[in-house]
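The values are calculated or read from the model by the stated rules, or taken from the named source; none is laboratory data. Fair warning: this is a prediction, and the values are worked out from it, not measured in the lab. Heads up, the Cβs are rebuilt from the backbone with ideal geometry, glycines too, and the neighbour counts pull from every protein chain shown. Heads up: the accessible areas ignore ligands, DNA and RNA and are worked out on the full protein's heavy atoms, side chains in. Shrake-Rupley method; radii C 1.70, N 1.55, O 1.52, S 1.80 Å.
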Amino acid sequence: MPEGTLCNKKPVDTAEGITTLLADQSGKKYYEEMKRLEVDSDLLWKTIQNTCKSRIRTWLEICAHCGMCADSCFLYLANNRDPKQVPAYKIQSTLGEIIRRKGKVDNAFMLHTMEVAWAQCTCCNRCGTYCPHGIDTGIMFGYLRGLCYQQGFVPWEMKIGAGMHRVYNAQMDITSEDYIDTFQWMVEESEEEYPGLKVPVDVEGADIMYTVNAREAKHYPEDLAEAAILFHIAGENWTIPSKGWELTSLAMFAGDWAACKMQVQSVYDAMERLKPKRMVGTECGHAHRATVVEGPYWAGRKDGRPPVESIHYIEWLAEALRTGKLKIDPAKRIKEPCTLQDSCNYVRNHGLREVAREIVSYIV
Ligand code: SF4
Ligand code: SF4
């Protein structure tokens, strides 16, 4: 069964492997190799039999093809209402077809499926809230991505992203030492303005363990200082873990289920090690979904919850404003008309609609 040197069914789990993939600009060779990648139909069908549970099978069967989900998908609207962008069509013609054919699909079919699974669905779950049967196409596309990943049909960037988690326990090449150094450096930059400001590392039994997005350390380090400043002003007893600090999961977007588990387990290990009262995660919505909403199931936690209470940043912020730990200068309230976007991950997937509105009520 031909496998490419870059595009194949093996995950990338070495720094050298990531460097080699990155050197293949825009995945030119990777996608050429993908055109010759064979589908392991036996493995595909066996995986479906072992992992495709009754919920997804039922959703695929009960779809009434009513099309009521169409207008809820922004990709359908943005593509001149192309019938091929109707959520039900997208999933029935890919995952539904793979199951109907018992995994006997070819390279061309998988190339098309990859295109639909990543370029025609963001797994935002919006259509699921409109379907009268509660069919959640976003969840099914997340599952389909896992099948594609196993067969090596995964976008080049996603293969690299999942590999980063396997090698660095972070979505990009940042070591724990780099992360701590960057956080401390950014806090030092603000010390003069906020005397006593510090970043407590690996403190056991703190009220809050704060976790971030590796992107902040690499590209937006001022975000780290801003979080430290707010915890400082609010008088919080907080800490950051030196290991298990990355909340995000590109592995979730890639469909690399093993790396999903590995990544979220590193955060749970930090919780077990430091025993904070709560974890507060950075603003990143998909990170919250990965670690707080879906992560417990990847990690096999029977109660479906992380080891300690884990809240999104806006929950902490609303609480700090509500309790007066943080105060907004009334003169600085926003005067212009504003709108609030309900996000897919922490609003639709985790019900924080009112919390977001509460924060707006203090600042507008
Ligand atoms: S709204 Fe639900 S039942 Fe109707 S086509 Fe969409 S997924 Fe199928
Ligand atoms: S989950 Fe979102 S992007 Fe995907 S089909 Fe549904 S509405 Fe469209």
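The set of residues in segment 110-125 being touching a residue at least 60 places away in the same chain (Cβ under 8 Å), part of a helix (DSSP H, G or I) and surrounded by fewer than 19 Cβ atoms within 10 Å (Cβ to Cβ) consists of LEU111 alone.
Is at least one residue of segment 141-152 within 16 Å of ligand 1 (Cβ to nearest atom) and over 28 Å from GLU309 (Cα atoms)? Yes, segment 141-152 has at least one match.
Looking across segment 44-76, just one residue is more than 24 Å from the chain's Cα centre (by Cα), open to solvent by less than 70 Å² (accessible area, probe 1.4 Å) and among the polar types (S, T, N, Q), and that is THR58.
Looking across segment 84-103, the residues that are touching a residue at least 40 places away in the same chain (Cβ under 8 Å) and under 25 Å from the mean Cα position of the chain (by Cα) come down to PRO87, ALA88, LYS90, ILE91, THR94, LEU95. Is segment 93-100 home to any residue that is among the charged types (D, E, K, R), over 24 Å from CYS344 (Cα atoms) and assigned to a helix (DSSP H, G or I)? Taking every residue of segment 93-100 in turn, at least one turns out to be among the charged types (D, E, K, R), over 24 Å from CYS344 (Cα atoms) and assigned to a helix (DSSP H, G or I).
Scanning segment 171-189 for residues that are open to solvent by 20 Å² or more (accessible area, probe 1.4 Å), of a type in the set (Ser, Thr, Tyr) and assigned to a helix (DSSP H, G or I) turns up SER176, THR182.
Do we have SER41 as closer than 17 Å to LEU147 by Cα, open to solvent by 20 Å² or more (accessible area, probe 1.4 Å) and within 14 Å of ligand 1 (Cβ to nearest atom) here? Answer is no for this residue. Out of the residues in segment 85-94 that are touching a Ser or Thr at 6+ places or on another chain (Cβ under 8 Å) and not β-branched (Val, Ile, Thr), which is farthest from ligand 1 (Cβ to nearest atom)? The selected residue is LYS90. Considering segment 83-101, and only residues there that are loosely packed, with under 13 Cβ neighbours inside 10 Å and charged (D, E, K, R), the residue that is farthest from ligand 2 (Cβ to nearest atom) turns out to be ARG100. Within segment 220-240, residues that are under 19 Å from ASP202 (Cα atoms) sit with their Cβ atoms under 6 Å from residues that are outside any helix (DSSP H, G or I) and among the aromatic types (Phe, Trp, Tyr), at 6+ positions apart or across chains, in these pairs: ILE229/TYR194; PHE231/TRP238; HIS232/TYR194; TRP238/TYR210; ILE240/TYR210.
Just one residue in the set GLY300, GLY285, GLY235 is modelled with pLDDT of 95 or more and closer than 30 Å to LEU147 by Cβ; that residue is GLY300. Could you tell me which residue of segment 60-83 is farthest from VAL116 (Cα to Cα), considering only residues that are in contact (Cβ under 8 Å) with a residue 24 or more places away in the chain and more than 11 Å from ligand 1 (Cβ to nearest atom)? Per the stated criteria, the residue is PHE74.
Yes/no per residue for (1) at pLDDT below 95; (2) hydrophobic (A, V, I, L, M, F, W, C); (3) assigned by TED's automatic domain parsing to the domain that holds ILE48; (4) over 16 Å from GLY244 (Cβ atoms):
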position	(1), (2), (3), (4)
GLN120	no, no, yes, yes
CYS127	no, yes, yes, yes
ILE135	no, yes, yes, yes
MET140	no, yes, yes, yes
VAL203	no, yes, no, no
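For segment 198-235, the set of residues classified as assigned to a loop (DSSP other than H, G, I, E, B), among the β-branched types (Val, Ile, Thr) and surrounded by 20 or more Cβ atoms within 10 Å (Cβ to Cβ) consists of VAL199 only. Scanning segment 216-266 for residues that are of a type in the set (Gly, Ala, Ser) and either over 30 Å from TYR194 (Cα atoms) or in contact with a strand residue (DSSP E or B) (Cβ under 7 Å, 6 or more places away or on another chain) (or both) yields ALA227, SER242, SER249, ALA251, ALA254, GLY255, ALA258, ALA259, SER266. Scan segment 312-364 for residues that are touching a residue at least 12 places away in the same chain (Cβ under 8 Å), assigned to a loop (DSSP other than H, G, I, E, B) and under 20 Å from VAL293 (Cα atoms) and the total you get is 5.
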